[in-house]
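Have a look at the structure below, then the notes.
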Amino acid sequence: MTTTATTHVIQGETVALPVRVRDASVASAMFAVPAGPAQAVIGYSGLEVARPLPGRAICSLAFVRYADGDLGPYHEFAVAFLVRPPGRARGFGAFIHWLPVNQAFTLEAGRSIWGFPKEMADIPMDLSGRIRRCAVRVGGRTALEVAIRPGVRMPGRAAASTFDAFSCLDGVTRRVPWTMAPHGVRARPGGVSLRLGDHPVAAELRGLGLDRARALSGTCVEHLEMVFDAATEVRS
């Protein structure tokens, strides 16, 4: 991927694009949810949910431990939806609806560089145990607790792939080229336990039926490298 590097000053430090993550660990779950309510959740973005199954959209929950990267070490949780990239007849993108983090530097960088909807939260997680676990608490309120059982190890090392992530902050929707190179991937059908709390995002997920849904899949990645390039505004 070729880029023209730009720089941003975050809390007195210069961050150059593209931003690189050299080591992260991830656990994620995918759910099929009713497309109409999912579209209502992300309607503010101007994007359209993808419907890979009749009448169903895909909602993904993921928790990430960043160990080595340009924005430092931190924990992150993501609620994302599969969307149709605007202006393209084919393919999918990921719209990042909610993105709590536990460090102030990455919070400011994510919001100011890419328009990611980052907010501060307490995000305890365990990505090394027999079951991968994470909780998200914001202002003393529990949003959710999730546990994922690792599945079968996928053979070999997956090739790096680039696709579009989308963000929407302060009424502006942006496209962010996102490259991922995973190693040590385990996946399985189901294997996910989710408990929703009393935070507003929990109410949104409950409205999509996630409090009673069985996950389509659970995936754990031991080592993930990522590259985030410059964001461009999506014109309606």
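Before moving on, here are some points about what is shown:
- Only listed residue being of a type in the set (Val, Ile, Thr) and within 16 Å of the chain's Cα centre (by Cα), chosen from 232, 142, 179: 179
- Single match in 77, 31 (criterion: under 30 Å from residue 193 (Cα atoms), in contact with a Cys (Cβ under 6 Å, 6 or more places away or on another chain) and not β-branched (Val, Ile, Thr)): 31
- Just one of the numbered conditions (1) in a strand (DSSP E or B); (2) farther than 17 Å from residue 135 by Cβ; (3) open to solvent by 60 Å² or more (accessible area, probe 1.4 Å) is not true of residue 212: (1).
- Lone unmet requirement of (1) modelled with pLDDT of 95 or more; (2) within 20 Å of residue 60 (Cβ to Cβ); (3) of a type outside the set (Ser, Thr, Tyr); (4) not in a strand (DSSP E or B) for residue 150: (1)
- Filtered residues of region 153-209 (kept if open to solvent by 70 Å² or more (accessible area, probe 1.4 Å) and among the β-branched types (Val, Ile, Thr)): 162
- Selection over region 31-57 of residues that are modelled with pLDDT under 95 and under 14 Å from residue 79 (Cβ atoms) gives a count of 0.
- Those residues of region 121-152 which are closer than 17 Å to residue 218 by Cβ, aliphatic (A, V, I, L, M) and surrounded by 12 or more Cβ atoms within 10 Å (Cβ to Cβ), in sequence order: 125, 127, 131, 135, 144, 146, 147, 148
The values are calculated or read from the model by the stated rules, or taken from the named source; none is laboratory data. Since we're looking at a predicted model, the values are computed, not measured. Glycine gets a Cβ as well: all are built from the backbone with ideal geometry, and neighbour counts include every protein chain shown. In case anyone asks, the SASA skips ligands and DNA or RNA and just uses the protein heavy atoms, side chains included. Shrake-Rupley method; radii C 1.70, N 1.55, O 1.52, S 1.80 Å.
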